[in-house]
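All remarks here apply to the structure that follows.
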C-alpha cells in the first residue's frame, strides 16, 4: 500500500516554465527556466506556426536505502508560442545550460528592419 501511494504522489505533473522573450532587429530569443532538464530530456517542436518546448525532470532513484522523506517532485515542462511568419525556424538554435533552455530564432531577411533614406525633392 505504501509503494502504491508513493507512486501516485510521484507521478509527473505538468508545469508551465517561466520565460523571458527578447527581440532585436535580427532575431528573437526565448529563455525558459526548466530546472533539472538536460539535452536528452528537453524537446522543441514546431508545427504550423506553433513552437512547443517541453522537458521532464525526475530525481534519480535511490538505491541501497529507503527514501524517508521526498519533496522533489517529478515534473513535465511544457509551453507553447505562436510564431509569426517572420521567423526562420530552419535556422533556429537551442542550448540547455544549468536548467535554462535558450532558443534563438533568426528573422527572415525580408522581416529585418531597414532604414529608408529620406531625400528632399
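Quick notes on this structure:
- Ascending count of other beta-carbon atoms within 10 Å, so fewest first, for 76, 93, 114: 114, 93, 76
- By the count of other C-beta atoms within 10 Å, a proxy for reagent exposure, 77, 65, 57 are ordered fewest to most as 65, 57, 77.
- The antiparallel fraction among DSSP beta bridges confined to the chain stands at about 90%.
- Sorted by Cβ density within 10 Å, fewest first, the residues 72, 81, 46: 72, 46, 81
- Going through [x] -0.45, -1.31; [y] -0.40, -1.32; [z] -0.39, -1.46, the figure that equals log10 I(q)/I(0) by the Debye sum over Cα atoms at q = 0.10, 0.23 Å⁻¹ as computed for the structure here is [x].
- Per-residue ellipticity at 222 nm, computed for the chain from helices alone with -39500 (n - 2.57) per DSSP H run of at least four residues, works out to -2000 deg cm²/dmol.
- Spacing of the two label points (7 Å from each Cα toward its C-beta) at residue 80 and residue 45, in nm: 1.0 nm
Readers should treat all values here as calculations from the given coordinates under stated rules, not as data from a laboratory. This one's a predicted model, so the numbers in the text were calculated from it and none came from an experiment. Counting neighbours? That spans all protein chains shown, and the Cβs are built from the backbone with ideal geometry, glycine included.
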